[in-house]
1. Of the listed values [x] 19.6, 65; [y] 18.9, 59; [z] 20.5, 63, grab the one calculated as Rg and Dmax of the Cα atoms in Å from the structure here.
2. Among 64-72, 208-216, how do they line up from the highest to the lowest mean number of other beta-carbon atoms within 10 Å?
3. Counting each DSSP H run of 4 or more residues in the chain as -39500 (n - 2.57), what helix-only mean residue ellipticity at 222 nm follows after dividing by all residues, to the nearest 500 deg cm²/dmol?
4. Please work out the ratio of the alpha-carbon Rg of the range 15-120 to 2.2 N^0.38 Å and round it to two decimals.
5. Hey, got the dipole for the range 5-137? About the Cα centre, +1 on K and R Cβ, -1 on D and E Cβ, debye to the nearest 20?
6. Calculate the all-directions average of the projected area of the range 76-212's alpha-carbon convex hull, and give it in nm².
7. Take the alpha carbon atoms of the range 209-244, find their center, do the same for the range 50-116, and report the distance between the two centers in whole angstrom.
8. About its Cα centre, how strong a charge dipole does the chain have in debye, to the nearest 20, once Lys and Arg get +1 and Asp and Glu get -1 at the Cβ?
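We did not get these values from a lab; they are worked out from the coordinates using the rules stated. Bear in mind the structure is a predicted one, so any value in this text is a computation, not a measurement. Positions of Cβ are generated from backbone atoms using ideal geometry, with glycine treated the same way; all protein chains shown enter the neighbour counts.
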Amino acid sequence: MARPVAVMAMGGEIPDWEMGAHTHLKSQLMVTQSGMLTVGTAEGMWVVPPRTAIWIPAGVSHSVTSFGLSKGIVVFLDSEIVFEHLRLCTVLEVSTFLNVLLERVIDIPQLYETEEDIRLMQVVVDEIAQAQQQWFYLPVPKDKRLKKLTDELIRMPDMELRLELAADLCHISQRTLTRLFLKETGLSLNDWKRRLHILLALQWLHEGKPVQIVAQLLGYESDSSFIAMFKKIMKSPPKKYLKQ
């Protein structure tokens, strides 16, 4: 009989792979140890840099894209194991203890039986429940007018965004746009665009693009202005962040 928790290795041999939309009967935690993943659902996009993981509840349709030679660990959990605060896809911080624990249990047979193995798997569940949530998520508005705007920003992230232009694209007033966008995404339009820039920058930097090219692709007038924005949000400049 299948056990409620299973742990296995992920990737490490094929760079830059993609997996189209699919679902699992079990919930899963995808832990990134090197490289980077992006996960997309109908609700938005999540970026999973090294030392983080994404929680994907059972039954949620999602696609996965790997940037670079991604390597990590996947934990599958029975759908009966429910965390009330993790009803949606969520990026989680992977503590040093959880990372070491996963490296330990990855060699446990999937049909484990010993009390020690059962206890270790329960500790994995407990650690997932206590993991700190991260913000690496870009929400997608459901309103068709706002969705048209965000699609345009994703397609052209270097586009200069003025509120009056955005309102014209949506065929609504500036006041309505401001109110509706915040209601649908939980972010102001400017904050949403900054988050888009960070998530795209993480992807492109992990692909090996130089900082100056990333800055240009995102529409910054200088490398220094991009680096300042990145450092303000990520607490480290791009090159230092990638080396951490």
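1. Answer by label: [x].
2. Details: 64-72: 20.1, 208-216: 16.1.
By packing density, highest mean first, the sequence is 64-72, 208-216.
3. Computed ellipticity for the chain at 222 nm equals -12500 deg cm²/dmol.
4. Numbers: Rg = 14.0 Å, N = 106, 2.2 N^0.38 = 12.9 Å.
Expressed relative to 2.2 N^0.38 Å, the Cα Rg reads 1.08.
5. Working: 6 positive and 16 negative charges, 77 e Å.
Charge dipole, the range 5-137, about its Cα centre: 360 debye, nearest 20.
6. Details: hull surface 46.8 nm².
Projected area, direction-averaged: 11.7 nm².
7. Spelled out, the Cα-based centre of one part sits 30 Å from the other.
8. Numbers: 27 positive and 28 negative charges, 215 e Å.
Rounded to the nearest 20 debye, it is 1040 debye.
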